1. Would you please list the contacts, defined by Cβ atoms under 6 Å and residues six or more apart or on different chains, that run from a residue in the stretch 4-24 that is free of Cβ contacts under 8 Å to residues at least 24 places away in the same chain and small (Gly, Ala, Ser) to a residue that is assigned to a loop (DSSP other than H, G, I, E, B) and open to solvent by 80 Å² or more (accessible area, probe 1.4 Å)?
2. Could you identify the single residue in SER156, SER138, SER160 that is open to solvent by less than 80 Å² (accessible area, probe 1.4 Å), small (Gly, Ala, Ser) and within 20 Å of LEU4 (Cβ to Cβ)?
3. Looking at the stretch 205-244 only, could you name the residues that are of a type outside the set (Ser, Thr, Tyr), over 16 Å from ILE177 (Cα atoms) and in contact with a strand residue (DSSP E or B) (Cβ under 9 Å, 6 or more places away or on another chain)?
4. Here is a list: ILE129, ILE64, ILE107. Which entry is touching a strand residue (DSSP E or B) at 6+ places or on another chain (Cβ under 7 Å), open to solvent by less than 100 Å² (accessible area, probe 1.4 Å) and of a type in the set (A, V, I, L, M)?
5. Only residues in the stretch 38-63 that are part of a loop (DSSP other than H, G, I, E, B) count as the first member; pair them with residues that are open to solvent by 90 Å² or more (accessible area, probe 1.4 Å), Cβ under 8 angstrom, at least 6 apart or cross-chain, and list the lot.
6. Taking into account only those residues within the stretch 36-58 that are over 25 Å from the mean Cα position of the chain (by Cα) and open to solvent by 80 Å² or more (accessible area, probe 1.4 Å), which is modelled with the highest pLDDT?
7. Give me the residue from the stretch 152-169 that is without any contact (Cβ under 8 Å) to a residue 24 or more places away in the chain and of a type in the set (Ser, Thr, Tyr) and, out of that set, nearest to LYS105 (Cα to Cα).
8. State which residue is nearest to LYS249 (Cα to Cα) when the search covers only the stretch 168-202 and only residues that are open to solvent by 70 Å² or more (accessible area, probe 1.4 Å) and touching a strand residue (DSSP E or B) at 6+ places or on another chain (Cβ under 6 Å).
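The values are calculated or read from the model by the stated rules, or taken from the named source; none is laboratory data. Because the structure is predicted, anything quoted here is derived from the model rather than measured. Cβ atoms come from the backbone with ideal geometry, glycine included; neighbour counts cover every protein chain shown. When the accessible area is computed, the model is the full protein with side chains, heavy atoms only, and any ligands, DNA or RNA have been set aside. Shrake-Rupley method; radii C 1.70, N 1.55, O 1.52, S 1.80 Å.
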Amino acid sequence: MLILKEGYPEKSELLVCTVTKIQFNSIFVSINDYVGKSGIIHISEISPGRIRNIRDYVKEGKVIVCVVLRVNRDRDLIELSLRRVQEGQRRNKINEMKQEQKAAKLIEFVAKKEKEDAKKLTDQVLDAIIEDYDTVHSFFEEIVVNTVKIDKLGLSQKISKTLEETIRQRIKPPEVIIKGEFKILSYEQNGIEIIKKTLKQVKEIGKDQLTIIYKGAGKYGISIISEDYKTAEKLLNQIKELAEKDSKKNNSECTFKRTDK
């Protein structure tokens, strides 16, 4: 991570860690997100069920995502869990790490192009944004969508221009994806046509942001892509209201559940 935190993590916080040592009943890790911090994972927190050999799950040097169970500041002890991290959480945290690696390489590219010291340029960027942003990549995303100006960094005009051009070339606008599943059953003779009409109306609302996949047995998976969760959730609510209202009007049964949580 480019932006490292000081102090101690909070309970339930997700962390990127690197395995440093494996013992008979414990794993020791360095915490990548915090300056100079390490943690321990007891064998019971590695995976559900009985574990015969810890090395079947991790090896020294492996990067893993953990959740904080307990923090004892007096003993400088941070207890972590690997098994309590959900797959979606792990995937999002790893993606955040990869985005920061991409941001670091972008800064290095600009430094090399402008014949500047990469560490010095990185430090200048971090000093300018560390109070307002958790990651460098999130700052770069705001540059792309024009919610913040490159001038915030206080760099020379030449470097600022090169950096902004590179950011716009290499960083895509941020987007979020939410997913769900409709189950629609019709009790009318022309039930299939009724359901098709409902789904057509749903598709018209979602336009290019919505994908619908038939999953069988009256189930339809939907995926909404948007620039932020607020917009995505608003669209989802509109879709749900339309589908439920239309189904009720046409003597159909309509239920919905989220599948992205």
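1. none
2. Numbers: SER156 fails: within 20 Å of LEU4 (Cβ to Cβ); SER160 fails: within 20 Å of LEU4 (Cβ to Cβ).
Checking each option against the conditions leaves just SER138.
3. Residues satisfying the conditions are LYS215, ALA217, GLY218, LYS219, LYS240, ALA243, GLU244.
4. Answer to the check: ILE64.
5. So the pair list comes out as ILE46/ARG83; SER47/ARG83; PRO48/ARG83; GLU60/LYS21.
6. Applying the first criterion (over 25 Å from the mean Cα position of the chain (by Cα)) to the stretch 36-58 yields 42-44, 49-56.
Remaining after also requiring open to solvent by 80 Å² or more (accessible area, probe 1.4 Å): 42, 50, 52, 55-56.
Values: HIS42: 97, ARG50: 89, ARG52: 89, ARG55: 94, ASP56: 94.
Checked the stretch 36-58; the qualifying residue modelled with the highest pLDDT is HIS42.
7. Filtering the stretch 152-169 for residues without any contact (Cβ under 8 Å) to a residue 24 or more places away in the chain gives 156-157, 160-161, 164-165, 169.
In the following step, the residues that additionally are of a type in the set (Ser, Thr, Tyr) were identified as 156, 160.
Details: SER156: 20, SER160: 16 Å.
If we take residues in the stretch 152-169 being without any contact (Cβ under 8 Å) to a residue 24 or more places away in the chain and of a type in the set (Ser, Thr, Tyr), then SER160 is nearest to LYS105 (Cα to Cα).
8. As a first pass, look at the stretch 168-202 and keep what is open to solvent by 70 Å² or more (accessible area, probe 1.4 Å): 168-170, 172-173, 175, 177, 179, 183, 187-190, 192-193, 196-197, 200.
When the remaining residues are screened for being touching a strand residue (DSSP E or B) at 6+ places or on another chain (Cβ under 6 Å), the result is 175, 177, 179, 183.
Values: GLU175: 35, ILE177: 30, LYS179: 25, LYS183: 16 Å.
If we take residues in the stretch 168-202 being open to solvent by 70 Å² or more (accessible area, probe 1.4 Å) and touching a strand residue (DSSP E or B) at 6+ places or on another chain (Cβ under 6 Å), then LYS183 is nearest to LYS249 (Cα to Cα).
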